[in-house]
Amino acid sequence: MTHRPAPHAFRPSRRRFLAGLGGLLLAAGLGFNPTALEARVNRTRLRDSMQRLYGSSGLAILEEWFSLLDRLQTADLDTQLREVNDFFNRRVRWLEDTQIWGAEDFWATPLETMGKRQGDCEDYSIAKYVTLKELGVPGSRLRMIYVRARIGRSQIVQAHMVLGYYEVPTAVPLILDNLVPSITPATQRTDLDPVFSFNSEGLWAGGSSQSRADPVARLSRWRSVIERMQQQGFI
C-alpha cells in the first residue's frame, strides 16, 4: 500500500463539518475513556447477551462471527479487511432505522446488528470497526466516515457512513462500504463527499489528519453504543 496524501475531497471543510455534525453535538463533560475499546471481547457474556436478546438465531450468527475471528487472527491485513467487509455485507440486510427500531436514527452495537440481521450504514460500519479492532488492527488506522453519497443515476445525495482504513493518518483511506462490495481507495469513490470522521480516539473534519475533539464527548449515539457494548460483553 502506498502512502499517498489525502485527495482534495478528503481535506477539511469547516462548513461541511458543522452541517454534517448537526444534532450529534453534545455539551462538554460527557467524556468516556476511549481506551476501554482496546479490551478483548468476553465470549461468555456475549453468548449470554445474545441468547437473552435474540435467542438461538442470534447465537448461530454470533458463533459464525467467533469462527471468523478465530480464522482471521493470523491472516494478512488485506484478507482481514475483505472477509470482515463481506461477512457483514452478506449476512445483514439493509433497512432503515424506522423499520428496524421504530426510531429515526439508532446506532446499533454489533451484537444488535447480528441479532436482528438487519442494519443501516452506521450499523455496518460500527460492526466492521469493532471486528477489525478485535483482530488486532490498530484503532488509529480505522475511522468511521460520514459522507454525502450520490446514489444511482439520479445522483440523489443522502447522508451515509462508511469505514475507512488508513495505512498512515495522511494516507488515502481504503473504503469499506455496504453499498459497494469491493474495497477501493477513496480516490476511486468519486460518489462520496466526506463530512467528518471519528473513532474511539478522535474526531476529524473532512479528511483532516488532526483530531478536532473527543468523539465520545461529542457524539451521543457513539457514546450510547459504547455503553451498550460494555453491558453486552464487547469491552
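Worth pointing out:
Per-residue answers, yes or no, for (1) buried (at least 22 other Cβ atoms within 10 Å of the Cβ); (2) at pLDDT 95 or above; (3) aromatic (Phe, Trp, Tyr):
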residue	(1), (2), (3)
76	no, yes, no
89	no, yes, no
93	no, yes, no
104	no, no, no
127	yes, yes, no
148	no, no, no
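- In the range 100-114, the residues that are under 10 Å from residue 58 (Cβ atoms) reach residues that are among the charged types (D, E, K, R) with C-beta atoms within less than 9 angstrom, at least six apart or across chains, in these pairs: 111/228; 112/123; 112/228; 114/64; 114/91.
- Residue within the range 159-170 that is β-branched (Val, Ile, Thr), surrounded by fewer than 22 Cβ atoms within 10 Å (Cβ to Cβ), in contact with a Ser or Thr (Cβ under 9 Å, 6 or more places away or on another chain) and farther than 24 Å from residue 93 by Cα present: yes
- Sole exception among (1) touching an Asp or Glu at 6+ places or on another chain (Cβ under 9 Å); (2) assigned to a helix (DSSP H, G or I); (3) surrounded by 13 or more Cβ atoms within 10 Å (Cβ to Cβ) for residue 41, by number: (2)
- All positions within the range 63-99 that are of a type in the set (S, T, N, Q) and touching a residue at least 24 places away in the same chain (Cβ under 8 Å): 73, 80, 85, 89
- Filter pass, residue 154 being without any contact (Cβ under 8 Å) to a residue 24 or more places away in the chain, in contact with a strand residue (DSSP E or B) (Cβ under 7 Å, 6 or more places away or on another chain) and among the polar types (S, T, N, Q): no
The values are calculated or read from the model by the stated rules, or taken from the named source; none is laboratory data. None of the values given here were measured: they were computed from a predicted structure. Cβ coordinates were reconstructed from backbone atoms using ideal geometry, including for glycine residues, and neighbour counts include every protein chain displayed.
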